[in-house]
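Student: My questions will all concern the structure given below.
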Amino acid sequence: MYFVLFYTYRDDYLQRREPLRQAHLELASAAHQRGDIFMAGAFVEPPFGAVLIFKTDDVSKVERFVEQDPYVKNGLVADWQIRPWSVAIGG
């Protein structure tokens, strides 16, 4: 099963992310190495948010990621949403 985590960043995200970026990437990389995150990335133009695709049967893994993410904990993320995703092609 897949879950898509949508992040919407605050307007000042680019100005505030640098001190938190390494910890955010380490958290995401660890989840990827465990096989929880299938792929992830930020929108480029404009940089208003990100999408992280989790491959797990346990939505609580996605929720724990959000709770631990320095971007969320430090207010860079204005809004987030977890949605189950039914893959029709690929995966």
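Student: In region 31-47, which residues are among the aliphatic types (A, V, I, L, M) and surrounded by 13 or more Cβ atoms within 10 Å (Cβ to Cβ)? I'd like the intermediate steps shown before the answer.
Tutor: Narrowing region 31-47 to residues among the aliphatic types (A, V, I, L, M): 31, 37, 39-40, 42, 44.
Listed by number, the residues that qualify are Ala31, Ile37, Ala40, Ala42.
Student: Restricting the search to region 55-84, which residues are part of a helix (DSSP H, G or I), in contact with a helix residue (DSSP H, G or I) (Cβ under 9 Å, 6 or more places away or on another chain) and acidic (Asp, Glu)?
Tutor: Glu67
Student: Continuing with this model, one more query. Hey, among Leu14, Leu52, Leu25, which residue is over 24 Å from Pro84 (Cα atoms), out of contact with any His (no Cβ under 7 Å at 6 or more places or on another chain) and either outside any helix (DSSP H, G or I) or not hydroxyl-bearing (Ser, Thr, Tyr) (or both)? Before you say what the answer is, go through the steps one by one.
Tutor: Working: Leu52 fails: over 24 Å from Pro84 (Cα atoms); Leu25 fails: over 24 Å from Pro84 (Cα atoms).
Of Leu14, Leu52, Leu25, the one residue that is over 24 Å from Pro84 (Cα atoms), out of contact with any His (no Cβ under 7 Å at 6 or more places or on another chain) and either outside any helix (DSSP H, G or I) or not hydroxyl-bearing (Ser, Thr, Tyr) (or both) is Leu14.
Student: In contact with a His (Cβ under 8 Å, 6 or more places away or on another chain) and touching a residue at least 12 places away in the same chain (Cβ under 8 Å), is that true of Ala40? Steps first, answer last, please.
Tutor: Values: in contact with a His (Cβ under 8 Å, 6 or more places away or on another chain): yes; touching a residue at least 12 places away in the same chain (Cβ under 8 Å): yes.
In short, yes.
Student: Output the residues belonging to region 38-54 that are β-branched (Val, Ile, Thr) and under 9 Å from the mean Cα position of the chain (by Cα). So that I can check it myself, show each step before the final result.
Tutor: Filtering region 38-54 for residues β-branched (Val, Ile, Thr) gives 44, 51, 53.
Correct list: Val51, Ile53.
Student: Looking at Leu20, Leu14, Leu5 in this structure, which one is modelled with pLDDT of 95 or more, in contact with a Pro (Cβ under 9 Å, 6 or more places away or on another chain) and surrounded by 12 or more Cβ atoms within 10 Å (Cβ to Cβ)? Write out each step before concluding.
Tutor: Details: Leu14 fails: modelled with pLDDT of 95 or more; Leu5 fails: in contact with a Pro (Cβ under 9 Å, 6 or more places away or on another chain).
Going through Leu20, Leu14, Leu5 in turn, just one is modelled with pLDDT of 95 or more, in contact with a Pro (Cβ under 9 Å, 6 or more places away or on another chain) and surrounded by 12 or more Cβ atoms within 10 Å (Cβ to Cβ): Leu20.
Student: Can you spot a residue in region 26-38 that is within 14 Å of Leu5 (Cα to Cα), among the polar types (S, T, N, Q) and out of contact with any helix residue (DSSP H, G or I) (no Cβ under 7 Å at 6 or more places or on another chain)?
Tutor: For region 26-38, residues within 14 Å of Leu5 (Cα to Cα), among the polar types (S, T, N, Q) and out of contact with any helix residue (DSSP H, G or I) (no Cβ under 7 Å at 6 or more places or on another chain): absent.
Student: Restricting to region 73-91, what's the tally of residues that are surrounded by 14 or more Cβ atoms within 10 Å (Cβ to Cβ) and without any contact (Cβ under 8 Å) to a residue 24 or more places away in the chain?
Tutor: So the answer is 1.
The values are calculated or read from the model by the stated rules, or taken from the named source; none is laboratory data. Since we're looking at a predicted model, the values are computed, not measured. So basically every Cβ, Gly included, is an ideal-geometry build from the backbone, and we count neighbours across all protein chains shown.
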